[in-house]
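Worksheet for the structure shown next.
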Amino acid sequence: MTSAKKATFPTIAPGLLLALSDGLVLALVGWTLNHFFATDALSDPVQAAAWQRSLVTGLMLVPLVKSVFGIYTLGRFDYLERTRRTFQAAFLCCAVLAVPFIVMEGFRSFFVEALSIALLGFAVTYVADLLLIQGLLSSALDWRTPVMIVGAGPQGAAIAEKLQRLPWLGMRPVGFVDDDDSLWQTRVAGLPVMGPVELLSKSPAIARQASAAIVADMARHGSDLTGLVRTLPFRQVYCVLGEGNVSAVDATYHNLHGSLALRVSVRPPTGYLRIRRAMDIVLSAILLVLVAPLMLGLAVAIKLDSPGPVMFRQKRWAGGKQTFDLLKFRSMHVDAEEQLQQLLENDPVAREEYMTYHKLTVDPRITPLGRFLRKTSLDELPQLWNILMGDMSLIGPRAYMPKELPEVGDSAAVIGTVRPGLTGYWQVSGRHRTTFQERVAMDVFYVRNCGLLFDFFILCKTAVMVLKGDGS
């Protein structure tokens, strides 16, 4: 939720840059289509005129409808929100052109051509937008808005780490202010805690280091939140509602006669879960048949690589008091648990890393072939059988071990309402670079916002990560 000291508009420079980028990309698309696909039509003046109308209509619809959905004026670049709005814009184009297609029989070819060109334009400009945002803009440090984080507690530290790790979010944290004097002159997430909140209004030199503020924990301020926002010397203040609980996908704002309210829609997932289960059965069955020769070859290679069974079975939580045996190709030595305990007892650095991430960057338990299997995610192929049997889904939250549930805490009540997934939101959002609590927050976010569009987005990102070899 964004609150402001006074009315303001989102920064125009990134939006203008995106609009110019779309204009160049659409011009290139138009030239390509006209050059390679309109040779027959250009020989007939009537057909050439009809083709030009279709081409111009389809290309002009793209920036027009994207503007209607506010894609060029998004304050920060959340690619999930951008994806959602782009799909909505493309769907509106389909709906707008479907009506005249039905009632105007003589112009059906025009509407088919215009719609096809518009959908191609949406796809191409979406890819170009992501490349521009996550490539050019996120690498330019001066473009990112410098922000001061109010609150140096665990949630503030998590936000700072996230903004540092994900530059395409468009914010660069410069430090913290916190009324807890025990934190003053210390560093949190590599950034200085400069002093109390009132220091921002008393010291212009410190306030000038940032252009906006993030209130990391609204619950700490309660009814004083409005007063806090008014004392901050920034035009834009971002108030974080909570990690993973609410997103723009299911929340809207309402003015209750002077009181700002956030409406959160809890959508009934029954129909969606039925559709997803049907897709799980069909896709897992097809994939098992297709990868059977590969799985057989990997089984032989595992046997030759190190002594022990081919498959690794581990109890995982399935919601409530239920568990199931998760299947993986074995990527560790058979005495992996003993090696882990010995390593954690003798190496405090490794123990701290394991307690934070539940993973080790350099793990001596992994076999030589196991490193390859994990990097390419091939060790997870047997989980297709778990999916077919109904223990898992293609997409869902992480399959937690029962011993991890105390750390999951109250979030287990949300996560346990859907099947765990072979891939999921946290796997495509940092994976081994995220802390355990961040994974839990991402799983809660997924469950509260799951849908076919979100699943399609995760599948696409999973495919990209597998091709890049960005495994665990």
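Numbers for the structure displayed
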item	result
Probe 1.4 Å - accessible area at residue 375, Å² to nearest ten	120
Solvent-accessible surface (1.4 angstrom probe) belonging to residue 330, in square angstrom, nearest 10	20
Solvent exposure ordering (accessible area, 1.4 Å, most first) of 315, 403	403, 315
Distance in nm between pseudo-label sites at residue 291 and residue 389 (7 Å out along the Cβ direction from Cα)	1.6
Largest to smallest accessible area among 220, 108 [probe 1.4 Å]	220, 108
Exposure ranking of 203, 116, 393 by accessible area [1.4 Å probe, largest first]	116, 203, 393
Sequence-distant residues sharing a close amide H with residue 179 (under 5 Å, placed H)	197
Computed accessible area, residue 224, all protein chains, 1.4 angstrom probe, square angstrom	100
Residues of type lysines that residue 202 reaches as a straight line, Cα spacing below 25 Å, ignoring anything fewer than 8 places off in the same chain	5, 6
Point-to-point label distance, residue 198-residue 24, nm (Cα→Cβ direction, 7 Å offset)	5.1
Which listed pairs, of 162/328; 303/468; 375/468, have C-alpha distances above 21 Å, in listed order	162/328; 303/468
Percent of C-alpha pairs per 5 Å bin, segment 330-472, short to long	2, 9, 17, 20, 22, 17, 9, 3, 1, 0
Residue 185-residue 359 FRET efficiency (beta carbon distance; Förster radius 45 Å; 0.05 resolution)	0.85
Potential extension, residue 413-residue 335 segment - 0.36 nm per residue separation minus Cα distance	24.7 nm
FRET efficiency, residue 92 to residue 323 (Cβ-Cβ, R0 51 Å, nearest 0.05)	0.65
Per-pair calculated FRET efficiency, R0 = 51 Å: residue 224 and residue 99 via Cβ, rounded to 0.05	0.45
Label-to-label distance, nm, for residues given as residue 463 and residue 371 (7 Å Cα→Cβ offset)	3.0
Nonlocal amide H pairs with residue 172, under 5 Å, H built at 1.01 Å	145, 147
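The values are calculated or read from the model by the stated rules, or taken from the named source; none is laboratory data. The shown structure was predicted, so the numbers you read here are calculated from the model rather than taken from an experiment. Positions of Cβ are generated from backbone atoms using ideal geometry, with glycine treated the same way; all protein chains shown enter the neighbour counts. Ligands, DNA and RNA are excluded from the accessible area calculation, which covers all protein heavy atoms including side chains. Shrake-Rupley method; radii C 1.70, N 1.55, O 1.52, S 1.80 Å.
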